[in-house]
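**Student:** Quick one: this structure, given as structure tokens, is what I'll be asking you about.
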Amino acid sequence: MIELYYWPTPNGHKVALFLEEAGLPYALIPVNISQGEQFRPEFLAIAPNNRIPAIVDRAPADGGAPLSVFESGAILLYLAEKTGQFLPAELRGRHDALQWLFWQMGGLGPMAGQNHHFSQYAPEKIPYAIERYVKETSRLYAVLDKRLADREFIAGSYSIADMACYPWIVPHQRQGQKLEDFPHLQCWFSTIQARPATQRAYAKGKAIAAGPTVTPESSSVLFGQSADTVRR
């Protein structure tokens with residue numbers, strides 16, 4: 001049994017996508033980040049960066065004590081290795097998928113996240129910051145679009161690279177992007193959107209939190225952290 005500590009954000013959706021695709025039994029444990037539940041000691045014990053998602057594997061492959069993993073990319077890699085699914089076994093295919101997983105972790109996610117912050121949530125609208133991150137998001141969309149010009153999925157067959165990237169494309173309108181400007185990406189997006197596992201994963205997220213995570217009341221919890229937060 002996998003315990004998934006989760007909130008329906010792009011990073012949370014990544015792991016839910018994998019678990020639904022792989023058919024692994026799992027328990028979904030909501031961590032309401034808008035109410036500060038990510039700072040509870042029991043959650044910090046498995047996710048010291050106070051971010052979702054995190055997992056606890058109650059039946060790890062070594063037969064030992066329950067194993068916890070935090071950071072969405074690390075979780076996807078762990079689950080792929082545990083199940084032997086959604087990550088090619090041969091050398092070149094494996095590293096093709098992994099480099100695009102890291103591309104999402106180091107590029108698409110952080111840049112789109114800053115895009116969301118400055119265009120949607122920042123108390124002061126700073127034109128330079130908004131333009132900077134909208135343009136960088138556009139550049140990254142173009143990189144992915146070019147990659148998908150001659151293939152159905154990012155690394156050949158459907159993999160953890162696709163699961164990592166897809167949830168960050170879902171809010172494309174909030175990112176100031178039009179999918180029709182990226183036809184290969186748009187086709188890829190529609191293909192993944194139609195997968196039954198995708199629909200199940202997103203339905204579960206919607207059942208947990210139908211409303212927005214970021215509200216005027218929750219913004220200080222989500223955006224007001226510093227070193228003092230960690231030291232408490």
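Throughout, read-outs are computed from the coordinates displayed, never taken from laboratory work. Since we're looking at a predicted model, the values are computed, not measured. Neighbour counts are summed over all protein chains in view; Cβ atoms, including those assigned to glycine, are modelled from backbone coordinates with ideal geometry.
**Student:** Given H placed on each backbone N at 1.01 Å, which residues far from Asn32 in sequence or on other chains put an amide H within less than 5 Å of it?
**Tutor:** When sequence neighbours closer than 5 places are left aside, the close amide H contacts are Glu37.
**Student:** Same structure again: Order these by the 10 Å Cβ neighbour count, fewest first: Arg174, Arg200.
**Tutor:** So the residues, fewest neighbours to most, are Arg174, Arg200.
**Student:** List the relative contact order of segment 91-194 as a percent without decimals, with contacts defined as Cα pairs under 8 Å and 6+ residues apart.
**Tutor:** Once divided by the residue count of segment 91-194, the mean separation gives 35 percent.
**Student:** Follow-up. Can you tell me how the chain classifies by the Cα gyration tensor, rounded, prolate or oblate, using a/c under 1.5 as the rounded cut?
**Tutor:** Taking the square roots of the gyration eigenvalues as a ≥ b ≥ c, the chain is oblate.
**Student:** Within 10 Å, at most 15 other Cβ atoms, and a DSSP state outside H, G, I, E, B define an exposed site. Report the longest part of the chain free of exposed GluC sites (Glu not before Pro).
**Tutor:** Counting at most 15 other Cβ atoms within 10 Å as exposed, the longest clean stretch of the chain is 1-89.
**Student:** Could you list Met111, Met163, Met1, Met105 so that the one with the fewest beta carbons within 10 Å of its beta carbon is first and the one with the most is last?
**Tutor:** Going from sparsest to densest Cβ surroundings: Met1, Met105, Met111, Met163.
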